[in-house]
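The values are calculated or read from the model by the stated rules, or taken from the named source; none is laboratory data. Computed from a predicted structure; not experimentally measured. Positions of Cβ are generated from backbone atoms using ideal geometry, with glycine treated the same way; all protein chains shown enter the neighbour counts. Remember, those area values only see protein heavy atoms, side chains included, never the ligands or the DNA or RNA. Shrake-Rupley method; radii C 1.70, N 1.55, O 1.52, S 1.80 Å.
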Amino acid sequence: MNKKTFSFQEYTIEYLVKNTHIAPFQRLKDTEHVDIIYKGILDYYILYGEIFLPNLISLAKKKDEPKMIVLDGQHRLSSLSKLFKEHPEISDFKIRADVYEVQTYEEALDIYNIINSSKKVELYTGNIAPIVIPRIQTYFKERFKSYCKTSDRPNGLNINLDHMGKRIQA
């Protein structure tokens with residue numbers, strides 16, 4: 001059995017933004033959560049001139065792949081990306097990361113599941129519904145927002161995303 005290669009690294013914000021990607025097994029990005037984190041980081045930056053990011057970002061590095069897979073911290077990283085676009089002067093600020101060397105994409109998924117096993121995150125179990133249904137719901141919410149309602153007995157055109165999800169899963 002090979003010994004797992006694991007390291008703590010510091011990367012610049014620019015490097016992280018340009019050299020990471022969100023894997024499909026990640027939960028959907030919660031834009032409200034990203035905005036809350038973004039506001040906190042921005043407020044701290046304006047007040048103290050530094051970037052404060054609670055917790056590490058966990059990444060998987062697969063040999064011969066240019067971009068690392070985000071295992072934990074996608075919302076923090078999305079917030080940093082948004083801040084970097086608006087304030088490019090933060091490009092050289094350093095962020096701490098755990099980096100796991102992996103051989104396969106499946107190994108990255110296994111580590112993701114371990115990292116997130118104590119969190120209230122929908123883990124991939126072979127059932128694609130928890131992954132696909134939220135993406136479909138997001139698609140409809142973004143494109144047909146005015147028609148997305150929670151009413152069971154609408155008077156007009158209505159897309160009830162919860163009902164749609166249950167029918168897809170049935």
| note | Given Cβ charges of +1 for Lys and Arg and -1 for Asp and Glu, the option among Leu77, His87, Val99 whose Cα lies farthest towards the positive end of the dipole of region 64-107 is His87
| said: From the helices alone, meaning DSSP H stretches of at least four residues, give me the mean residue ellipticity at 222 nm for the chain, per-run term -39500 (n - 2.57), in deg cm²/dmol to the nearest 500. | reply: -13000 deg cm²/dmol
| field | Karplus (6.51, -1.76, 1.60) ³J(HN,Hα), θ = phi - 60°, over region 80-87, in Hz, Gly and Pro reported as x | value | 5, 4, 4, 5, 4, 5, 8, 9
| note | With x for Gly and Pro, the residue-by-residue ³J(HN,Hα) of region 49-57, computed from phi through the Karplus equation 6.51 cos²θ - 1.76 cosθ + 1.60 at θ = phi - 60° and given in whole Hz, is x, 10, 9, 10, 10, x, 6, 7, 9
| query | Can you give the net charge of the other residues whose Cβ lies under 14 Å from the Cβ of Leu83, counting K and R as +1 and D and E as -1? | reply | -3
| query | Ignoring ligands, DNA and RNA, what percent of the accessible area of the chain is carbon or sulfur (1.4 Å)? | reply | 53
| request: Specify which residue in the list Thr31, Ser146, Phe6 is farthest towards the positive end of the charge dipole of the chain, using unit charges on the beta carbon of Lys, Arg (+1) and Asp, Glu (-1), about the Cα centre. | output: Ser146
| field | Derived scalar couplings ³J(HN,Hα) [region 154-164; Karplus, 6.51 cos²θ - 1.76 cosθ + 1.60; whole Hz; x for Gly, Pro] | value | x, 8, x, 4, 8, 10, 8, 5, 5, 5, 4
| query | Quick one: Cα centre-to-centre distance for region 1-49 and region 91-119, in angstrom? | reply | 11
| query | In terms of the Cα gyration tensor, with a ≥ b ≥ c the square roots of its eigenvalues, is the chain rounded because a/c is under 1.5, prolate because a/b exceeds b/c, or oblate? | reply | oblate
| said: Which one, His75, His87, His21, has the greatest fluctuation when you compute a Gaussian network model over the chain with C-alpha springs under 10 angstrom? | reply: His87
| query | For region 3-100, what D do you get in µm² per second when you plug the Kirkwood radius from alpha-carbon pairs into Stokes-Einstein at 10 °C and 1.306 mPa s? | reply | 115
| Anyone know which of Leu47, Leu28, Leu59 comes out most mobile in the 10 Å Cα GNM of the chain? | Leu47
| query | Which value, in Å², gives the accessible area per residue of the chain when a 1.4 Å probe is used on the protein heavy atoms? | reply | 66
| message | List the pairs from Lys39/Lys62; Lys39/Lys94; Lys39/Lys85 whose alpha-carbon separation is above 22 Å, in the order I gave them. | response | Lys39/Lys62
| said: I want to verify a result. In a Gaussian network model of the chain, Cα cutoff 10 Å, which of these has the top mean-square fluctuation: Tyr44, Tyr147, Tyr11? | reply: Tyr147
| field | Student exercise, the chain dipole from Lys, Arg, Asp, Glu Cβ charges, in Debye to nearest 20 | value | 620
| request: Using a cut-off of 9 Å between beta-carbons, work out the net charge of the residues near Glu10 (Lys and Arg +1, Asp and Glu -1, Glu10 not included). | output: +2
| query | For the chain, what relative contact order do you get, as a whole percent, if you take Cα pairs closer than 8 Å and at least 6 residues apart? | reply | 26
